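Student: The structure follows.
The values are calculated or read from the model by the stated rules, or taken from the named source; none is laboratory data. This is a predicted model, so every value here is computed, not measured. Every residue, glycine among them, receives a Cβ derived from its backbone with ideal geometry; neighbour counts consider all protein chains shown.
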Amino acid sequence: AMSFITQATIDKCLNKERRNPFYSDILQIGYEDSYTIEEFFHLEEVPPIFKRIPIYLHLDLSLVNDRTGISAGGITGRKDIETRDGIKVSMPFLTHMFSVAIEAPRGDKISYAKIIAFICWLRKSGFNIAGISRDQFQSEYLAQELQSKGFKVDLLSLDRTPDGYIALNSVLSEGRMDMLDVELLQKELIQLQKDSVTQKVDHLPGNSKDVSDSFA
């Protein structure tokens, strides 16, 4: 196994002038408490122009033990990239809107209803949500609920193939992203390793990749 994404690669895209609307990387919110996800989201940190851009969310879901990672971003422009043959190609430039990890308090579990309510709140607040993707873990109910509310929901697993992370590595290496400075996300990204035999991108035992999965 070898390291996959380096801090130097991330630094090419990091924007420390913009702030993640979630001031805490991890929110402890469960099924039994009265907290909502949206009450920790600072709308004033999102430039109004970004609300009009079609954005996409990914949900890396869990229920009890792991965290649920939620990230969003969208295409905000183009950037010319020079290929190995010296040919310039226009490629999408992406803007990272937010990332957060949801963790159930001890003895509680993550509320999918609160995740659905947060996404509905984003739309009500003016965000143009063009699509939502989710992994396979216990997510069929949540997908059906979101679809019933008019959202486009797709199935996307970051565990089955390394394609998502390979694409992300290319975007970061080419400087094609305006990326927020989220400490947990960066930590997860630089701890990822790619198996040279299976080509699978994964974390080491004891580490996590819930937010990095949602980001990728």
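Student: Across region 128-151, which residue is farthest from His96 (Cα to Cα) among those that are out of contact with any strand residue (DSSP E or B) (no Cβ under 6 Å at 6 or more places or on another chain) and of a type in the set (Phe, Trp, Tyr)?
Tutor: Tyr141
Student: Taking region 26-85 as the search range and keeping residues that are of a type in the set (S, T, N, Q) and surrounded by 19 or more Cβ atoms within 10 Å (Cβ to Cβ), which one is modelled with the lowest pLDDT?
Tutor: Selected residue: Ser62.
Student: Is it the case that region 84-104 has a residue that's under 30 Å from Tyr31 (Cα atoms) and aromatic (Phe, Trp, Tyr)?
Tutor: At the first step, the residues of region 84-104 found to be under 30 Å from Tyr31 (Cα atoms) are 96-104.
Add one more test, that the residue is aromatic (Phe, Trp, Tyr), and what stays is 98.
The answer is yes; a qualifying residue exists.
Student: Restricting to region 132-150, name every residue that is exposed (fewer than 14 other Cβ atoms within 10 Å of the Cβ) and not polar (S, T, N, Q). If you could, list the steps in order and put the result at the bottom.
Tutor: At the first step, the residues of region 132-150 found to be exposed (fewer than 14 other Cβ atoms within 10 Å of the Cβ) are 136, 138, 140-141, 144, 147-150.
If the condition is that a residue be exposed (fewer than 14 other Cβ atoms within 10 Å of the Cβ) and not polar (S, T, N, Q), then Glu140, Tyr141, Lys149, Gly150 are the ones that fit.
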